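Here is the structure we will look at.
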């Protein structure tokens, strides 16, 4: 394993809880007041009315930008009860500067453990929730958690935790990321997405218990140690564009607005005409046939074809 030391001018930390919110403003969700209506209309746009009908208030909070997983590294920008941080493992595209940058947001101070070195992780949790045995009991970590570790027994890895302790994880609930092949990565991406089917849609969610459309793709790829941008349009800018008949399991489908070409939805192709998406209209992660969704086989669709009010594009990272 490798690690690098942070400089004196930079302050970094790691998430010390299973899943935490990365918020646009330093404000916790208030279950009594519910979502901010004015911000909801601005952020959710045409989806606002659909969201009101389909999603519970806590799953359509416009202050939620994303979520961070246990062990995820952040750069601390400002200190306080709420920390302003850069989520360096979640990028977005800065149109002004024409480059990818970490997304910024606010997290609670006690959710972050300061670090002086940033470890290189080589183990990824691949089940929805995984138990880590420590000398002080068991901790539970979510799918997509990245850990540094080494083989311990034939069916266990020894892993490092954010508080300096060591724990043990069984080999059947995680993936050792060294020398992983493309075929295994593709299969793992699809397998992990299948485990999310039935989970709730959540604006800004990155699960695994509630998740949005790009969060589903981001999380599924993360189980292979692949770090991709956070939102759908930025994934579109990062991936190589292909046609429908070139799709392989683990590749993605983009829905873009016809007038702006801005990608607003992303789906995962599973092979054999099957598609998984976190659906706003259904309020959950669903799996369906391409013909049921698109009206024809995906192999007959070219990049740039029109579907309803959208333009379809296809992408691969491989």
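The values are calculated or read from the model by the stated rules, or taken from the named source; none is laboratory data. Predicted model, so just to flag it, every value in this text is computed and none were measured. Cβ atoms come from the backbone with ideal geometry, glycine included; neighbour counts cover every protein chain shown.
Quick rundown of the values:
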quantity: Residue within segment 145-158 that is under 21 Å from residue 214 (Cα atoms) and either within 22 Å of the chain's Cα centre (by Cα) or free of Cβ contacts under 8 Å to residues at least 40 places away in the same chain (or both) present; calculated: yes
quantity: Count of residues meeting criterion [part of a strand (DSSP E or B) and either farther than 30 Å from residue 32 by Cβ or in the same structural domain as residue 162 (by TED's automatic domain parsing) (or both)] in segment 67-89; calculated: 7
quantity: Unique residue being outside the structural domain of residue 268 (by TED's automatic domain parsing) and under 21 Å from residue 14 (Cα atoms) when the list is 207, 225, 215, 164; calculated: 164
quantity: Residue within segment 107-121 that is under 16 Å from residue 227 (Cα atoms), modelled with pLDDT of 95 or more and part of a strand (DSSP E or B) present; calculated: no
quantity: Residue within segment 191-203 that is assigned by TED's automatic domain parsing to the domain that holds residue 271, surrounded by 14 or more Cβ atoms within 10 Å (Cβ to Cβ) and part of a strand (DSSP E or B) present; calculated: yes
quantity: Whichever residue in segment 228-263 is without any contact (Cβ under 8 Å) to a residue 40 or more places away in the chain and under 22 Å from residue 201 (Cβ atoms) and, among such residues, is nearest to the chain's Cα centre (by Cα); calculated: 232
quantity: Which numbered condition residue 187 fails, given (1) within 21 Å of the chain's Cα centre (by Cα); (2) over 22 Å from residue 214 (Cβ atoms); (3) modelled with pLDDT of 95 or more; calculated: (2)
quantity: Residue within segment 16-37 that is crowded, with 17+ Cβ neighbours inside 10 Å, touching a strand residue (DSSP E or B) at 6+ places or on another chain (Cβ under 9 Å) and in a helix (DSSP H, G or I) present; calculated: no
quantity: Tally of residues being part of a helix (DSSP H, G or I) and more than 25 Å from residue 306 (Cβ to Cβ) across segment 217-270; calculated: 5
quantity: Qualifying positions in segment 87-99 - more than 18 Å from residue 222 (Cα to Cα) and either touching a residue at least 12 places away in the same chain (Cβ under 8 Å) or crowded, with 16+ Cβ neighbours inside 10 Å (or both); calculated: 93
quantity: From 303, 281, residue being in a loop (DSSP other than H, G, I, E, B), exposed (fewer than 13 other Cβ atoms within 10 Å of the Cβ) and in the same structural domain as residue 211 (by TED's automatic domain parsing); calculated: 281
quantity: Test: residue in segment 150-169 that is buried (at least 20 other Cβ atoms within 10 Å of the Cβ), under 29 Å from residue 86 (Cβ atoms) and touching a helix residue (DSSP H, G or I) at 6+ places or on another chain (Cβ under 9 Å); calculated: no
quantity: Neighbours by Cβ (under 8 Å, 6+ apart or cross-chain): first from segment 31-58, over 11 Å from residue 203 (Cβ atoms); second assigned to a helix (DSSP H, G or I); calculated: 31/57; 31/58; 34/57; 41/48
quantity: From the options 272, 259, 290, residue that is in the same structural domain as residue 224 (by TED's automatic domain parsing), surrounded by fewer than 13 Cβ atoms within 10 Å (Cβ to Cβ) and modelled with pLDDT of 95 or more; calculated: 272
quantity: Residue 221 vs. criteria free of Cβ contacts under 8 Å to residues at least 60 places away in the same chain and either crowded, with 19+ Cβ neighbours inside 10 Å or under 13 Å from the mean Cα position of the chain (by Cα) (or both); calculated: no
